[in-house]
Amino acid sequence: MMAVAVVIPFYQAETGILTRSLDCIFRQTYKDVLVLVVNDESPLSPVAEVESRPESEQARIRVISRKNGGPGSARNTGLDCVPPETRYIAFLDSDDVWTERHLQYAIEALGLGYDFYFADYTWPSRSSTRLTQTRLTEFGRRLDDEGRLFALAADFFEIILTAWPVHISATVLDACALGSVRFDERLRVSSEDQMYFLQCACRTSRICFRNEVTMRLDDGLNVFRRQPVGTRGFSRSRISNAYFHRLVQPLAEARSPAARAKNRELFKTNVRDFARSEVKSLLFNRRAHLSLYGPACRVFFGPSLPDACPL
């Protein structure tokens, strides 16, 4: 039985992206892995890229096919298929890659008694990193002499809500402690990973992180990436984010007055950003994205939330 299950939700239209991610998995210094590729009714099947791998690697890969439900639903399918004896669970989106010691560092850190681990990450053609941007080491307690590994010494829930320093592809968790946590499938197009982290924060305070880039985002299919203000994509993303913050509100209220106030503030910011985006579209493009106005009103002002984000 493999010690680490790697869950990959797959929805791509370009060949080679999954191959790159599988390459990085099988180059890991930590070898005891099982890869669960969840085909979320992708336009491009992952089968050919999996079958092109050496037989020894194919034996460690399972392709699971399902009807399209979004990345959170696909990850849940993968989590449901994790063998019960698995010790750790890692996530890797099909367009992201790890450095060779990503899993080794994670498992060494979790072995110190932590339940949730994440590493620093960056983007294509960027010199900055996410932990640098969020200055997260200021909220950490050093666990090694080199200043690479830290225990989080702040409220993980509020850190996720306010700074969002974690990316799902940089995350590894203890299956015994957090393997039962699932993604909220109402969030089909965005924020499903942030909600997942908040749910983990409600289960454990044993969080550690590595102040070193061991994951890089890439340029696969992403609904909202690089959508400027005034575009339909930007306006749509504000509705989705506002829906997320309404879902979070009961969790935030149970957590603390500060979390409640911050979440409410973030909800209002998304409402204002939607309005700003639509005004810009009208002024510069003479276009209103009328099909979004009904969903926006339901999410922004409705007395109750729809069962799923209405987009």
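Throughout, read-outs are computed from the coordinates displayed, never taken from laboratory work. Note that the coordinates shown come from a computational prediction; the quantities given were computed from them, not determined experimentally. Cβ sites come from the backbone with ideal geometry, for glycine too, and all protein chains shown count toward neighbours.
Calculate the FRET efficiency for residue 307 and residue 276 from the Cβ-Cβ distance with a Förster distance of 25 Å, rounded to the nearest 0.05.
With R0 = 25 Å, the Cβ-Cβ based efficiency is 0.30.
Only Cα pairs under 8 Å and at least 6 apart count here; give the relative contact order of region 232-301 as a rounded whole percent. Each step should come with its number before you reach the end.
Values: 52 pairs, mean separation 30.8, N = 70.
Relative contact order, region 232-301: 44 percent.
Relative to the Cα centre, what is the charge dipole magnitude of the chain, using +1 at the beta carbon of each Lys and Arg, -1 at the beta carbon of each Asp and Glu, and rounding to the nearest 20 debye? Intermediate results must be reported in sequence, preceding the final value.
Numbers: 41 positive and 37 negative charges, 299 e Å.
So the magnitude is around 1440 debye.
If you average the C-alpha positions of region 233-311 and of region 72-146 separately, how far apart do those two centres end up, in angstrom?
For region 233-311 versus region 72-146, the Cα centre distance is 29 Å.
Give me the number: length gained by fully extending residue 112 to residue 284, i.e. 0.36 nm times residue separation minus the C-alpha to C-alpha distance, one decimal in nm.
Working: separation 172, 0.36 × 172 = 61.92 nm, distance 5.55 nm.
Contour length minus the Cα-Cα distance gives 56.4 nm.
Of 107, 199, 170, which is farthest towards the positive pole of region 4-216's charge dipole, taken about the Cα centre with +1 and -1 on the beta-carbons of Lys, Arg and Asp, Glu respectively?
199
Take every Cα-Cα pair in region 253-311 and report what % of them are more than 18 Å apart. Walk me through the numbers on the way to the answer.
Details: 833 of 1711 pairs.
In whole percent, the long-distance tail amounts to 49.
Report the gain in length on full extension from residue 58 to residue 104: 0.36 nm times residue separation, minus Cα-Cα distance, nm rounded to one decimal. Could you put the intermediate results ahead of the total?
Numbers: separation 46, 0.36 × 46 = 16.56 nm, distance 2.14 nm.
Contour length minus Cα-Cα distance gives 14.4 nm.
How far apart, in nm, are two points set 7 Å out from the Cα along the Cα-to-Cβ line at residue 13 and at residue 137?
Each label point is offset 7 Å from its Cα along the Cβ direction, giving 4.1 nm.
Would you kindly compute the Cα radius of gyration of region 4-216 and its largest Cα-Cα separation (Dmax), both in Å?
16.3, 48
Rounding to the nearest 20 debye, state how big the charge dipole of region 106-203 is about its Cα centre with +1 on each Lys and Arg Cβ and -1 on each Asp and Glu Cβ.
Details: 10 positive and 14 negative charges, 53 e Å.
For region 106-203, the charge dipole is close to 260 debye.
Pairs of Cα atoms under 8 Å, at least six residues apart: use those to get the relative contact order of the chain, whole percent. Walk me through the numbers on the way to the answer.
On the way: 566 pairs, mean separation 56.7, N = 311.
In percent, rounded to a whole number, it is 18.
Compute the length gained on full extension between residue 253 and residue 126: take 0.36 nm times their separation in residues and subtract their Cα-Cα distance, giving the result in nm to one decimal. Intermediate results must be reported in sequence, preceding the final value.
Working: separation 127, 0.36 × 127 = 45.72 nm, distance 3.66 nm.
Here the segment from residue 253 to residue 126 would lengthen by 42.1 nm.
What Kirkwood radius, in Å to one decimal, follows from the Cα pairs of region 122-232? Numbers along the way, then the final one.
Values: mean 1/r = 0.0642 Å⁻¹.
Computed over region 122-232, the radius equals 15.6 Å.
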